[in-house]
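Taking it in order: structure first as structure tokens, then the write-up.
What follows is calculated from the coordinates using simple rules that are stated; it is not laboratory data. Note that the coordinates shown come from a computational prediction; the quantities given were computed from them, not determined experimentally. For neighbour counting, all protein chains shown are included, and Cβ atoms are generated from backbone atoms with ideal geometry for every residue, glycine included.
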Amino acid sequence: MTTYLDCNATTPVSPDVAELVMHFMVEEYGNSGSRTHEFGLTAKKAVEQAREQVSKVVAADKSEVYFTSGATESNNIAILGLLDFGNEVNKKHIITSPIEHKAVLEPIAYAAKKGFEVTYLPVDGSGIIKLKDLEAALRPDTLLVSLMHINNETGSIQNLEGICDVLKEHKAYLHVDAAQSFGKYSEALQNQRIDLISISGHKVYAPKGIGALIARRRGYEKIPLTPIMYGGGQEKGLRPGTLPVSLIAGLGLAAENAYKNAEKWRSACLIIKEDILRCLSGLDYVINGDNSAAHVLNISIKGLNSEAAMVALKGLIAVSNGSACTSQSYSASHVLEAMGLDDERIDSAIRISWCHMTKDIPLMDIKERIRGLL
């Protein structure tokens, strides 16, 4: 049986979350917008409970949680939803980095086509920006700073506290793509200087197709977001469409589970990481992003092409060589290129990612198959 080691692409759904989702799909299947009967009221109550559960993870108010289809949509609302305001107040400068997920880079590229100027902060060999570069890039007309918390390919962790400190006296909105950190490294996300947070359910043991955008108020002022879709007025008019109550309830429970168990789960992931690193001893490898999170490891083994390795390991483990969103393109990783890695190291890069539910990794078999390719 193949051991799944691609949790950065998607995590398994927790059994209790799956059970709750099924309950709201089969038994309590009301529309939360139906206010004339008990099915609708039960659905609305489940949605509001989930809003509270999600908000608690990042120390937000539940009114600041907007449910979406996932972090990609949340990123688009956070970035494109600010453009009208930027035009209105003549603030048309955006700061980001070249290692962001395509769900951030592509909306920002669209903003550039619409006349916004973009500064891409360089990253070091670990995939980390320098705070002095962020400070130097800030301008009076900077509208938005959009930076990922934990990189999906390498697991490198940005210094959110330092980023917030740099922005302390600046009015630019700070957006954080937290798809890989929500419920895992949530402490940093509780910093009230972070204005916008994007999350995905399927990265935190909930189903695919559900996520949220947390949009914090500044005092009594709401972030001036314009919807990017129209029709229905749900989610206070920011994100229209019938709410998927079953998925929302599942995300809520997953968020609550993570809030209660994050430290324990992180410790379990660290043990797995240490076991994998012991298994790799004796091989000529290098870690890409050496300050990575507990649940991910990106490595390059000298003389081993990643595509050949994944074929050889098929049936034993499931791993990847980059983001699932771009895996069909077979192009070089834009993340590893931005980190300044050479072509050989990029071509041999493999991403291994796991979670607290991962069991029975055939470590010795993995090592033997890799040795057979060298």
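A few points about this structure:
- Any hit, the stretch 213-222, residues being assigned to a helix (DSSP H, G or I) and hydroxyl-bearing (Ser, Thr, Tyr): no
- When the test is whether a residue is under 17 Å from Phe85 (Cβ atoms), among the charged types (D, E, K, R) and surrounded by fewer than 24 Cβ atoms within 10 Å (Cβ to Cβ), Glu221 passes it.
- Any hit, the stretch 2-24, residues being farther than 20 Å from Ala258 by Cβ and in contact with a helix residue (DSSP H, G or I) (Cβ under 6 Å, 6 or more places away or on another chain): no
- Across the stretch 81-101, a minimum of one residue is classified as under 18 Å from His175 (Cα atoms), in contact (Cβ under 8 Å) with a residue 24 or more places away in the chain and in contact with a Cys (Cβ under 8 Å, 6 or more places away or on another chain).
- Applying the condition of being over 10 Å from the mean Cα position of the chain (by Cα) and in a strand (DSSP E or B) to the stretch 167-201 and asking which residue is farthest from Cys355 (Cα to Cα) yields Tyr173.
- Counting the residues of the stretch 92-138 that are more than 20 Å from the chain's Cα centre (by Cα) and hydroxyl-bearing (Ser, Thr, Tyr) gives 2.
- Restricting Arg345, Arg278, Arg266, Arg351 to residues that are basic (Lys, Arg) and either in contact with a Lys or Arg (Cβ under 8 Å, 6 or more places away or on another chain) or under 30 Å from Val47 (Cβ atoms) (or both) narrows the list to Arg266.
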